[in-house]
Amino acid sequence: MRVRPLEWTDFPGWVDLYYSRYEEIGRNPDLGVYLQASRPTLPEEAALFGQVMKAVLAGDAVIRIAEEAGRLVGTCTVWRRGQHLEDRHLGELGIAVHPEFRGRGFGDALLGETLERCRGVFEVVELKVVAVNERAVGLYRKHGFEVCGREPRAFKRGDRYLDEILMSRAIEPAPDARSP
């Protein structure tokens, strides 16, 4: 396993990982991941990937990927929540691990490395997780996230509603940025 920054050459693996979510929903309709109404086309994915890289280059996102034997198997992203002076310190986290690679430490490694890279970029990282995803909630708690709210019926798939848990974690400043 290797965790590293996202690169332009990761586009095919990025698309494969995202498309795998649509396939997984067919097998597991209770999977708590957000999807568009239909699978995006490759040109739509290319446009999105360009926006992702633009955000990284502008300092508005921290993104790490996990790879196994040269294959992209997971991503962890923290996006700047807003562009106002009052909310630029906040980051919103999202993580995805290919179904074939879950339960093998990829999410743990991705999350740890990504949060470390958030030092000096964000002061607080927030996330939302579907309440039934207890495994993810446990991973987030392990990395210092605390529950700060619950949004009833925030997630709907078909005719089923699920609550979302809101979690937050402060990011310590980089050691060289701390006051003596």
Single residue of ARG102, ARG117, ARG71 found to be in contact (Cβ under 8 Å) with a residue 24 or more places away in the chain, of a type outside the set (A, V, I, L, M) and under 20 Å from PHE145 (Cβ atoms): ARG117
Selection from region 153-172 of residues that are without any contact (Cβ under 8 Å) to a residue 12 or more places away in the chain and touching a Phe, Trp or Tyr at 6+ places or on another chain (Cβ under 8 Å): ARG153, TYR161
Within region 132-171, considering residues that are in a strand (DSSP E or B) and among the aromatic types (Phe, Trp, Tyr), the one surrounded by the most Cβ atoms within 10 Å (Cβ to Cβ): PHE155
Matching residues in region 48-68 - criterion: being in a helix (DSSP H, G or I), aliphatic (A, V, I, L, M) and without any contact (Cβ under 8 Å) to a residue 12 or more places away in the chain: LEU48, LEU57
Matching residues in region 1-47 - criterion: being small (Gly, Ala, Ser) and part of a helix (DSSP H, G or I): GLY13, SER20, GLY26, ALA46, ALA47
Which listed residue is at pLDDT 95 or above and either farther than 21 Å from GLU134 by Cβ or of a type outside the set (Lys, Arg) (or both), from ARG80, ARG88: ARG80
Filter result for ARG21 (over 19 Å from VAL129 (Cβ atoms) and either β-branched (Val, Ile, Thr) or surrounded by 11 or more Cβ atoms within 10 Å (Cβ to Cβ) (or both)): no
Residue tally, condition charged (D, E, K, R) and modelled with pLDDT under 95, over region 146-162: 4
GLY112 being within 25 Å of ARG71 (Cα to Cα) and loosely packed, with under 14 Cβ neighbours inside 10 Å: no
Long-range neighbours under 7 Å by Cβ, at least six apart or interchain, first residue exposed (fewer than 11 other Cβ atoms within 10 Å of the Cβ) within region 4-18, second modelled with pLDDT of 95 or more: TRP8/MET53
Any hit, region 37-52, residues being closer than 30 Å to LEU162 by Cβ, small (Gly, Ala, Ser) and within 14 Å of the chain's Cα centre (by Cα): no
Residue list for region 89-104, filter: part of a loop (DSSP other than H, G, I, E, B) and surrounded by 16 or more Cβ atoms within 10 Å (Cβ to Cβ): HIS98
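The values are calculated or read from the model by the stated rules, or taken from the named source; none is laboratory data. Given the structure is predicted, the values throughout are model-derived calculations rather than measurements. With ideal geometry, Cβ positions are generated from the backbone for all residues, glycine too; neighbour counts draw on all protein chains shown.
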